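Inspection log for the structure reproduced underneath, given as structure tokens.
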Amino acid sequence: MKLHQLSVFLENKRGQLSVPLNLLAVAGIDIRTLSLADTQQFGILRLIVSDWQKAKEILEKEHCVVNVTQVVAIEVPDRPGGLADVVKVIDHAAVDIEYMYAFTFQSGRAALIFRFNEPDAAIKQLQAEGVNVVGSEEFQQRFPD
């Protein structure tokens with residue numbers, strides 16, 4: 001029930017974001033979702049892609065620093081309070097949210113991507129409370145090539 005996410009570390013200067021994006025485009029790898037965070041010195045581009053292993057190989061071959069982490073995707077209704085309801089469930093699991101990002105992917109639905117300190121405990125609690133945790137295959141089906 002976990003997804004592989006690539007974290008690409010970039011210098012925080014003009015033009016650096018284009019490098020990994022162009023490499024993935026040329027390789028025919030689709031970006032399903034992404035998040036970009038920065039500090040004064042560097043940025044972190046977090047990506048969920050159609051083929052994470054191939055993407056990692058291509059990026060590292062071109063000297064990009066890449067880290068693979070496991071994240072959890074959750075499907076919720078796209079409505080006021082949807083995120084608040086999920087966070088209540090997570091609070092009951094007594095796990096920490098390291099970071100998260102979200103996007104809508106079909107009419108009336110949203111996906112929340114979480115990095116937990118204890119993903120298995122979070123998944124167990126979410127499923128017990130009836131929250132739809134989206135597995136890798138289901139996630140890829142929602143975003144076909």
Worksheet, complete the sentence: Filter region 53-86 for residues that are in contact with a strand residue (DSSP E or B) (Cβ under 8 Å, 6 or more places away or on another chain) and in a loop (DSSP other than H, G, I, E, B); the one that is surrounded by the most Cβ atoms within 10 Å (Cβ to Cβ) is 64
Practice prompt. Could you please tell me which pairs satisfy a Cβ distance under 8 Å, a separation of 6+ or placement on different chains, a first residue in region 94-108 that is assigned to a strand (DSSP E or B), and a second residue that is among the charged types (D, E, K, R) and surrounded by 13 or more Cβ atoms within 10 Å (Cβ to Cβ)?
Written response: 97/115; 98/115; 99/115; 100/115; 101/46; 104/78; 105/142; 106/142
Worksheet, complete the sentence: Taking first residues from region 14-40 that are among the acidic types (Asp, Glu) and surrounded by 12 or more Cβ atoms within 10 Å (Cβ to Cβ) and second residues anywhere that are part of a loop (DSSP other than H, G, I, E, B) and modelled with pLDDT of 90 or more, the pairs with Cβ under 7 Å that are 6 or more apart or on different chains are 30/50
Worksheet, complete the sentence: Checking 68, 49 in turn, the sole residue that is touching a His at 6+ places or on another chain (Cβ under 9 Å) and free of Cβ contacts under 8 Å to residues at least 60 places away in the same chain turns out to be 49
Worksheet item: So residue 10 fits all but one of (1) within 26 Å of residue 126 (Cβ to Cβ); (2) of a type in the set (A, V, I, L, M); (3) surrounded by 12 or more Cβ atoms within 10 Å (Cβ to Cβ); what number is the exception?
Response: (1)
Worksheet item: Do the conditions hold for residue 90, that is, is it in contact with a helix residue (DSSP H, G or I) (Cβ under 8 Å, 6 or more places away or on another chain) and either modelled with pLDDT of 90 or more or in a loop (DSSP other than H, G, I, E, B) (or both)?
Response: yes
Response to the item:
Inside region 15-49, the number of residues satisfying the requirement of being among the charged types (D, E, K, R) and closer than 13 Å to residue 113 by Cβ is 2
Worksheet item: Any residue at all in region 26-33 that is among the hydroxyl-bearing types (Ser, Thr, Tyr) and under 15 Å from the mean Cα position of the chain (by Cα)?
Response: yes
Worksheet entry | Residue check, residue 130 exposed (fewer than 15 other Cβ atoms within 10 Å of the Cβ), touching a strand residue (DSSP E or B) at 6+ places or on another chain (Cβ under 9 Å) and farther than 19 Å from residue 35 by Cα | no
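The values are calculated or read from the model by the stated rules, or taken from the named source; none is laboratory data. Here the structure is a predicted model, which means the values were calculated and not measured. Cβ: placed from backbone, ideal geometry, glycine included. Neighbour counts: every protein chain shown.
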